[in-house]
Every structure is written in structure tokens, then in C-alpha cells.
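Derivation of every value follows stated rules applied to the coordinates shown; laboratory data play no part. What you are looking at is a predicted structure, and each value in this text was computed from that prediction instead of being measured. Because the Cβ atoms are built from the backbone with ideal geometry, glycine has one as well, and the counts that use them run over all protein chains shown.
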Amino acid sequence: MKSAVAATAILIASFAGTALGMTLMALTPQERLPVGFRLEDAARFLLMQASLTAVGALIVWRRPANRIGWLLSAAALLSAGQYLGAGYATYAVFGAGTLPHADIAAWFYTWSGGWLGIPVGLVALTFPDGRLRLRRAKLGAALAFLGSALIAGILALRPGPLLNFQLIDNPFGVAGLADAEGPLLAIVVIIFVGTIGLSLSTLEERLRRSTGDERQQLKWVLAAAGLMGALFPVGLPLIFVDWELAKFLFSVFMSLI
């Protein structure tokens, strides 16, 4: 019973946040919006959001002891928060202009996605039972936390225009971070490459030990994680070159996982 309530709450919260954000975007006069802020731009990421929400809630309902469901649900709720923040900021800036604190909403939208690396990384490291069984998996989890914290911190504190809301200057930007941004980004790339490598290594080890249905599940996840590992070093630097393309690539990566 408790698992059914939790699954229902996840579905409602995730779909409500996503729907409200999309509604605010739809209510904003589309002719005022530049490329990247339009309704169709946000709609490209709905596949990721729907898959995270539906699969996460289903596992929480049917297998509440399996942490995979809770991890996917956490990613879904983070993503829903991004939809809501983006919709609020878009409507406040380009719509009627009656909503306060557009800069805070845009700021939250910019950096909150950085934390998605934690639940997604842990899914890859612990699939299919949600447990960190290997020492290298625990190291990978630590790197996922560290890398996510660093990228979220960089996006939250870098001075100047917000990466995905160039019309708004970062209200919490730290001037001193400008010179350190390049080296920090290089560290983030190294950390995430290490996380992906450890994820692939642990998936391969679990595949070697598995049998039956679990083995087939691991084959699919290992293939998706391998593709993500091959494309990730290209996708991460795009954050600072083409933000919209980077977001789209990351949504595809997460949907594959």
C-alpha cells in the first residue's frame, strides 16, 4: 500500500511540474521567444522525462526495495523541477511580466540539471538490484557525486549571463570563478570519464556473473552505457559551446540508460 502511494505521488509531482512548466511556455507569446525557448524546443526532452517518471514509479510500486526505482524517480523529479523553472522564467521574461524573481527561476533551471548525474550514474553502477556490490562501484558512486557537485557549482556560480538564459545575468555569480572555470571543467570531464569507465567495468563484471533474464537486461544496459561513454566526452564541452544541443544529447543519453 505504501509503495502504491509513493508511486502515485511520484507520478503526480513529476507530471504536474512538467505540465505546469510546459503550460507556462505555451502561454508565452511564441513570436517573442528566441530559438531555444520555444515550446517545441522543450518538447524534445519529454521522452526522457516520461521514461524516467513512468519506469521509476512502476519499479517503486512493484519493487519498492529495489533502489533503481527510487533513483529513476529522483531523476524524474529533478527534471520536472527544471521544466517548472524554465517555464516560470520564460513566462516571466517574455510573457506578461507579472511573475517575480525570474532571475532566481532561470538560475535554478541552469544549475539543477547538474545533479542528474548522481541518480543516472548510480543506476548504471547498481543495475539491476540497486546495490553497490563491488568496490569499484563504490568508487564510481563517489566520483558521480563529486562530478555532479562540481558541474552544478560551476553552472550556479559562474559570473555573467546564465548559460541557458543569456538575457539574465547570474544573480549569484562569483567574479573569481571566471579564471578557474576552464581548469574546473577539465577536472569535471576527467571525473565523469572515470565514472563512466567504472560503470562499464562493473556492468561487465555483473554481466559475467549473471544468468537468465538478468543477463539479458544487463546486455541492453551495457550497450546503452557504452554508447553514452563514447559520446559523453563530446557532449560535456558542448555545454559551453551550444547549450541547446548539449541538453538534447544528454537527454538522449539518459533515455538510453
> Looking at the range 1-79, which chymotrypsin sites (Phe, Trp or Tyr not before Pro) are DSSP coil and have at most 10 other C-beta atoms within 10 Å of their C-beta?
Replying inline: none
>> I'd like the distance separating the alpha-carbon centroids of the range 72-146 and the range 161-218, in whole Å.
In response: 12
> What relative contact order, as a whole-number percentage, does the range 2-256 give when Cα pairs under 8 Å and 6 or more residues apart are counted?
Replying inline: 17
> What value, in deg cm²/dmol to 500, does the helix sum -39500 (n - 2.57) over DSSP H runs of n ≥ 4 give at 222 nm once divided by the residues of the chain?
Replying inline: -25500 deg cm²/dmol
> Rounded if a/c is under 1.5, else prolate if a/b is larger than b/c, else oblate: which is the chain, with a ≥ b ≥ c the root eigenvalues of its Cα gyration tensor?
Replying inline: oblate
> What ranking of Met48, Met22 emerges when the number of other C-beta atoms within 10 Å of each C-beta is taken as an exposure proxy, fewest first?
Replying inline: Met22, Met48
> Going toward the positive end of the dipole of the range 71-230, with +1 on Lys and Arg Cβ and -1 on Asp and Glu Cβ, which of Ala86, Phe127, Val174 do you reach last?
Replying inline: Phe127
> Taking the Cα centre of the chain as origin and charging only Cβ (+1 Lys, Arg; -1 Asp, Glu), how large is the dipole, in debye to the nearest 20?
Replying inline: 1240
>> Tell me which of Pro34, Ala105, Val193 sits at the most positive position along the dipole axis of the range 2-256, charges placed on C-beta atoms (Lys, Arg +1; Asp, Glu -1).
In response: Val193
>> Which of Thr8, Thr98 has the fewest other C-beta atoms within 10 Å, and how do the rest follow up to the most?
In response: Thr98, Thr8
> What ranking of Asp213, Asp103, Asp169 emerges when the number of other C-beta atoms within 10 Å of each C-beta is taken as an exposure proxy, fewest first?
Replying inline: Asp213, Asp169, Asp103
> Expressed in nm to one decimal, what extension gain is obtained for the pair Ser3 and Ala96 from 0.36 nm per residue of sequence separation less their Cα-Cα distance?
Replying inline: 29.4 nm
